[in-house]
1. Scan region 107-165 for residues that are among the charged types (D, E, K, R) and in contact with a helix residue (DSSP H, G or I) (Cβ under 9 Å, 6 or more places away or on another chain) and jot them down.
2. (1) surrounded by fewer than 19 Cβ atoms within 10 Å (Cβ to Cβ); (2) modelled with pLDDT of 90 or more; (3) polar (S, T, N, Q): which one isn't true of Asn125, the others all being true?
3. Return the residues of region 65-91 that are assigned to a loop (DSSP other than H, G, I, E, B) and either hydroxyl-bearing (Ser, Thr, Tyr) or open to solvent by 50 Å² or more (accessible area, probe 1.4 Å) (or both); say none if nothing qualifies.
4. Restricting attention to region 230-237, does a residue exist that is modelled with pLDDT of 90 or more, surrounded by fewer than 16 Cβ atoms within 10 Å (Cβ to Cβ) and more than 22 Å from the chain's Cα centre (by Cα)?
5. Only one of these is crowded, with 20+ Cβ neighbours inside 10 Å, among the hydrophobic types (A, V, I, L, M, F, W, C) and under 19 Å from the mean Cα position of the chain (by Cα): Ile94, Ile110. Name it.
6. Of all residues in region 196-243, which are of a type in the set (A, V, I, L, M) and either assigned to a loop (DSSP other than H, G, I, E, B) or touching a strand residue (DSSP E or B) at 6+ places or on another chain (Cβ under 6 Å) (or both)?
7. Is it the case that region 305-319 has a residue that's of a type in the set (S, T, N, Q) and in contact with a strand residue (DSSP E or B) (Cβ under 6 Å, 6 or more places away or on another chain)?
8. If you go through region 131-181 one residue at a time, how many are surrounded by fewer than 24 Cβ atoms within 10 Å (Cβ to Cβ), small (Gly, Ala, Ser) and assigned to a helix (DSSP H, G or I)?
Amino acid sequence: MHKSASGSTLGPGGLDLTQAFFKPIANAAPPSTTKQHTKISVIGVGNVGMAIAQTILTQDLTDELVLVDTNADKLRGEMLDLQHAAAFLPRTKIHSSTDSSVTAGSDLCIVTAGARQIPGESRLNLLQRNLSLFRAIIPPLVRHSPDTTLLIVSNPVDILTYVAWKLSGFPSNRVIGSGTNLDSSRFRFLIADHLDVNAQDVQAYIVGEHGDSSVALWSSISVGGVPVLSFLDKQQIPYEKETLENIHKSVVDSAYEVIRLKGYTSWAIGYSVANLARSILREQRKIHPVSVLAKGFYGIDGEVFLSLPAQLGRGGVLGVTNVHLNLEETQRLVDSAKTILEVQTQLGI
């Protein structure tokens, strides 16, 4: 399929209006050869992919946005729908194609495509189908954008980030999973709601698997710079561990509740991924709990991707924060890694 794009031509002859409309000023120099143009490609235009694309546009994160999908009609429809909002958005060129060559030169490739689970299908069979899908997606992206950073959103995100890393041949810092960035946002919201404060003043992380074996780092939670649990202990204010576990359980169950109520999740993950894109492309050097190669951290031996608080910038993962974990949290994190590895080893990749 020929790529569709916004452009500066009109009429059947493709008259270029740029030269006719604008006259260069005297003694002007040619444009700088330094690359200032930013390009993001989103692979998969389902509910999640389009929420990410829409949020990236409204937050003015890129000069060029590319949409790729196998469903040509839906793809073109989504592209046109976004293009028609041009008068209300920052100027961004929007392209779409079923051919991955349109992604060439991308600074960031965001992969949301994935096979949906069939009723009664085993998790392993679903993973095998997603592995086949990624074999068709990842190598062409790498071929067309050898310097890109891959940001994987498809679920199960930790295992598929590992798959993308293996298929791409990229250094581990340039393959990132969206991981528990959204889980941690939900966690901060619930804590803020309990304490009646702004969620932005809450420092709290969910790490490990993006799923049932995730780990809440209660020992390092702070509100306005005050470590919560140690403060409660010093003030001899009693709290029940069951209350803490219920908050974590609410984080794990929250996505299931949204899916039960509206059929899918989209807006929160859209904001979460746009937030990651901003940190990467704008060299924000912010700390995000994202899925990274965890080998060598907290006693984890195998090549497994799971979420740890990581600093992100133009180079992808710039480093992992040395967050103190107590013994229980460390053991839960190691168990989470084992849970992922058990499934991962069955893939044969």
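The values are calculated or read from the model by the stated rules, or taken from the named source; none is laboratory data. Keep in mind it's a predicted model, so treat the numbers as computed, not measured. We place every Cβ from the backbone using ideal geometry, glycine too, and count neighbours over all the protein chains shown. Only protein heavy atoms, including side chains, enter the accessible area calculation; ligands, DNA and RNA are left aside. Shrake-Rupley method; radii C 1.70, N 1.55, O 1.52, S 1.80 Å.
1. The first filter runs over region 107-165 and keeps only residues among the charged types (D, E, K, R), leaving 107, 116, 121, 123, 129, 135, 143, 147, 158.
Listed by number, the residues that qualify are Asp107, Arg116, Glu121, Arg123, Arg135, Arg143, Asp147, Asp158.
2. (2)
3. Passing the criteria: Thr70, Asn71, His84, Arg91.
4. Keep residues of region 230-237 that are modelled with pLDDT of 90 or more, which gives none.
No, region 230-237 has no match at all.
5. Numbers: Ile94 fails: under 19 Å from the mean Cα position of the chain (by Cα).
Every option except Ile110 fails the conditions.
6. Answer for region 196-243, where residues must be of a type in the set (A, V, I, L, M) and either assigned to a loop (DSSP other than H, G, I, E, B) or touching a strand residue (DSSP E or B) at 6+ places or on another chain (Cβ under 6 Å) (or both): Val197, Val202, Ala204, Ile206, Val207, Val215, Ala216, Leu217, Ile221, Val223, Ile237.
7. Quick first cut of region 305-319, residues of a type in the set (S, T, N, Q) only: 307, 311.
From what is left, the residues that are in contact with a strand residue (DSSP E or B) (Cβ under 6 Å, 6 or more places away or on another chain) are 307, 311.
Yes, some residue in region 305-319 is of a type in the set (S, T, N, Q) and in contact with a strand residue (DSSP E or B) (Cβ under 6 Å, 6 or more places away or on another chain).
8. Going through region 131-181 one residue at a time, the tally reaches 4.
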